[in-house]
Amino acid sequence: MSDAERPSRASEAFFGRRKGKPLRERQAQHLETLLPALKVDLSTPAPADIAALYDFKPARTRLEIGFGGGEHLIHRAQETPDTAFIGVEPFVNSMAKLIGRVEETGARNIRLYDDDATELLDWLPAASIDQIDLLYPDPWPKKKHWKRRFVSKVNLDRFARVLKPGGLFCFASDIDTYVNWTLVHCGAHPAFAWTAENAADWLTPFAGWPGTRYEAKARREGRKSAYLTFRRL
């Protein structure tokens, strides 16, 4: 995609901290020695076949944006070793934690990107992804910050471009305003259809769902979660 074709990032770019508490020595070593081998290199042209990023022929490819603690990503990678995963997380501490888990488990089906997810989305080949997971994203609860929410018309355009026909966009949140926001935005987008047929479909976690620390926190604080699935038309 040329610079002229690239959508603006005026409001949909990454917002938030990139670092928290100091990394332990081993975590810092992981970032220095292991991340380069796992990181998707956007300075090179995207391959015609996304499978070229891996040393095996994947049956499917999934993208998780903002994997946080990495519990879901590492669980899915071990659950479905024939699926290729790309995990995006700009927060350094979370990336270091996930890389440690990759080393521990020996997962060979994970690739990573540690910066703005919109850059990766613009780089990926069209119709190359089977599923996009956006799980407990930053809700930006103040109305004046809603424009910072990752779900937006321009980012749904990005999703529509990289998802295969019939591919899925899965969204989970415990914040009612963000759930409603996502339903409105996806409902207004011609490339997506909500798959729910009854309330149980969006109140029931996704199949094989391992839970996340954000979900556990929401439950402790008395908030229920919604699990939305949209199909790429």
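The values are calculated or read from the model by the stated rules, or taken from the named source; none is laboratory data. None of these values were measured; they are calculated from a predicted model. Ideal geometry is used to build each Cβ from the backbone, glycine not excepted, and the neighbour counts take in all protein chains shown. With ligands, DNA and RNA removed, areas are computed over all heavy atoms of the protein, side chains included. Shrake-Rupley method; radii C 1.70, N 1.55, O 1.52, S 1.80 Å.
Sort through THR118, THR177, THR229, THR212 and tell me the only one that's β-branched (Val, Ile, Thr) and over 19 Å from the mean Cα position of the chain (by Cα). It would help to see each step written out before you state the result.
Working: THR118 fails: over 19 Å from the mean Cα position of the chain (by Cα); THR229 fails: over 19 Å from the mean Cα position of the chain (by Cα); THR212 fails: over 19 Å from the mean Cα position of the chain (by Cα).
After ruling out the rest, the residue left standing is THR177.
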Residues that are open to solvent by 50 Å² or more (accessible area, probe 1.4 Å) and of a type in the set (Val, Ile, Thr), drawn from segment 159-209: THR177, VAL184, THR195, THR204
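Quick check on my filter: what residues within segment 190-200 are without any contact (Cβ under 8 Å) to a residue 12 or more places away in the chain and either in contact with a Cys (Cβ under 9 Å, 6 or more places away or on another chain) or of a type in the set (Gly, Ala, Ser) (or both)? It would help to see each step written out before you state the result.
Here is the first cut: in segment 190-200, the ones without any contact (Cβ under 8 Å) to a residue 12 or more places away in the chain are 197-200.
Hits for segment 190-200 are ALA199, ALA200.
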Residue list for segment 93-120, filter: open to solvent by less than 10 Å² (accessible area, probe 1.4 Å) and of a type in the set (Val, Ile, Thr): ILE99, ILE110, THR118
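On the basis of being in a loop (DSSP other than H, G, I, E, B) and out of contact with any Asp or Glu (no Cβ under 9 Å at 6 or more places or on another chain), does LEU42 make the cut? I'd like the intermediate steps shown before the answer.
Numbers: in a loop (DSSP other than H, G, I, E, B): yes; out of contact with any Asp or Glu (no Cβ under 9 Å at 6 or more places or on another chain): no.
Judged against the criteria, LEU42 is not a match.
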First in segment 169-189 and free of Cβ contacts under 8 Å to residues at least 40 places away in the same chain, second anywhere and surrounded by 14 or more Cβ atoms within 10 Å (Cβ to Cβ), Cβ under 6 Å, 6 or more apart: HIS185/VAL151; HIS189/LEU156
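Step by step: first the residues of segment 37-66, then only those that are touching a helix residue (DSSP H, G or I) at 6+ places or on another chain (Cβ under 8 Å) and free of Cβ contacts under 8 Å to residues at least 60 places away in the same chain, then the one that is most open to solvent (accessible area, probe 1.4 Å). Which residue is that? Give the derivation first.
Within segment 37-66, the subset touching a helix residue (DSSP H, G or I) at 6+ places or on another chain (Cβ under 8 Å) is 38, 40, 42, 46-47, 57-58, 61-66.
Then drop every residue that is not free of Cβ contacts under 8 Å to residues at least 60 places away in the same chain, which leaves 57-58.
Values: LYS57: 148, PRO58: 21 Å².
Residue satisfying both the conditions and the ranking: LYS57.
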Criterion (over 22 Å from ALA172 (Cβ atoms) and either small (Gly, Ala, Ser) or in contact with a Leu (Cβ under 8 Å, 6 or more places away or on another chain) (or both)) met by exactly one of GLU119, GLU89, GLU104: GLU119
Selection from segment 72-92 of residues that are in contact with a Pro (Cβ under 9 Å, 6 or more places away or on another chain) and either modelled with pLDDT under 95 or surrounded by fewer than 20 Cβ atoms within 10 Å (Cβ to Cβ) (or both): HIS75, GLU79, ASP82, THR83
Residue that is among the charged types (D, E, K, R) and at pLDDT below 95, where the choices are GLU119, GLU32: GLU32
Given (1) open to solvent by 20 Å² or more (accessible area, probe 1.4 Å); (2) under 26 Å from GLU71 (Cβ atoms), index of the condition LYS143 fails: (2)
Cross-chain or 6+ apart pairs with Cβ under 9 Å, segment 201-224 first and free of Cβ contacts under 8 Å to residues at least 40 places away in the same chain and on the phi > 0 side of the Ramachandran plot, then among the β-branched types (Val, Ile, Thr) and open to solvent by less than 50 Å² (accessible area, probe 1.4 Å): none
